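The values are calculated or read from the model by the stated rules, or taken from the named source; none is laboratory data. Since the structure is predicted, the reported quantities are computational estimates derived from the model, not experimental observations. Cβ coordinates were reconstructed from backbone atoms using ideal geometry, including for glycine residues, and neighbour counts include every protein chain displayed. We work out accessible area using only protein heavy atoms, side chains counted, and drop any ligands, DNA or RNA first. Shrake-Rupley method; radii C 1.70, N 1.55, O 1.52, S 1.80 Å.
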Amino acid sequence: MINNLTVRPITKQDYDQWIPLWNGYNAFYKRSGPTALDPEITQTTWNRFFDETEPVYALVAALDGKLVGLAHYLFHRSTSAIRPVCYLQDLFTSGDLRGKGIGRALIEAVHLKAREAGSSRYYWLTHETNETARKLYDKVAERSGFIVYKKTM
């Protein structure tokens, strides 16, 4: 566990440190090189964090002033709840610092934001092969049992 870790909302001044984390996250999920996200998606994602009309938010983890992790989350409606639902869409920590409590700190910080917003539920997904993350997730939450299906548009 890292004692001098700070988790806070992202600021516009964080872009130069956020982008390598964002690119690392996308590379982990095979979205790099020829399969990279369109730069417009990255720019739109970044802009959404600072648009008050968007329900998309970002927290970052900093260690001695250097960003070492990110969490992107959003709130959405549900047909099974009246209060908003919080979805942790992206979670990433610097590879050399995994297992040091950064992911857990970000998960807990988003959980607090969800509670403050009155969310009825807080959830996230991961790929079945992401064994390292799943070890953490199994400690901090319960598996829902749902299987995700998708169709590419």
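The rows are residues; the columns are (1) under 20 Å from Ala105 (Cα atoms); (2) open to solvent by 70 Å² or more (accessible area, probe 1.4 Å).
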position: Pro34; (1), (2): no, yes
position: Pro39; (1), (2): no, yes
position: Asp51; (1), (2): no, no
position: Glu54; (1), (2): no, no
position: Thr93; (1), (2): yes, no
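Just give me the residues in the stretch 79-116 being outside any strand (DSSP E or B), charged (D, E, K, R) and under 21 Å from Gly24 (Cα atoms), in sequence order.
Asp96, Arg98, Lys100, Arg104
Determine if the stretch 10-29 includes at least one residue that is open to solvent by less than 60 Å² (accessible area, probe 1.4 Å), modelled with pLDDT of 95 or more and assigned to a loop (DSSP other than H, G, I, E, B). Checking the stretch 10-29: at least one residue is open to solvent by less than 60 Å² (accessible area, probe 1.4 Å), modelled with pLDDT of 95 or more and assigned to a loop (DSSP other than H, G, I, E, B).
Can you find, within the stretch 117-153, the residue that is farthest from Phe28 (Cα to Cα) among those that are open to solvent by 40 Å² or more (accessible area, probe 1.4 Å) and among the polar types (S, T, N, Q)? Among those that are open to solvent by 40 Å² or more (accessible area, probe 1.4 Å) and among the polar types (S, T, N, Q), it is Ser120. Quick check: anything in the stretch 32-50 hydroxyl-bearing (Ser, Thr, Tyr), under 27 Å from Lys135 (Cα atoms) and at pLDDT 95 or above? Among the residues of the stretch 32-50, not one is hydroxyl-bearing (Ser, Thr, Tyr), under 27 Å from Lys135 (Cα atoms) and at pLDDT 95 or above, which makes the answer no. Within the stretch 95-104, the residues that satisfy the criterion of being open to solvent by 30 Å² or more (accessible area, probe 1.4 Å) and of a type outside the set (Lys, Arg) are Gly95, Asp96, Leu97, Gly99. Among the residues making up the stretch 106-116, those that are within 17 Å of the chain's Cα centre (by Cα) and either open to solvent by 30 Å² or more (accessible area, probe 1.4 Å) or among the β-branched types (Val, Ile, Thr) (or both) are Ile107, Glu108, Val110, His111, Leu112, Lys113, Arg115. For the stretch 67-78, indicate whether the set of residues that are small (Gly, Ala, Ser), within 24 Å of Thr6 (Cα to Cα), in contact (Cβ under 8 Å) with a residue 12 or more places away in the chain and assigned to a strand (DSSP E or B) is non-empty. Checked against the condition, which is being small (Gly, Ala, Ser), within 24 Å of Thr6 (Cα to Cα), in contact (Cβ under 8 Å) with a residue 12 or more places away in the chain and assigned to a strand (DSSP E or B), the stretch 67-78 yields at least one hit.
Can you tell which of Asn47, Asn3 is outside any helix (DSSP H, G or I), over 14 Å from the mean Cα position of the chain (by Cα) and loosely packed, with under 14 Cβ neighbours inside 10 Å?
Unique residue meeting the criteria: Asn3.
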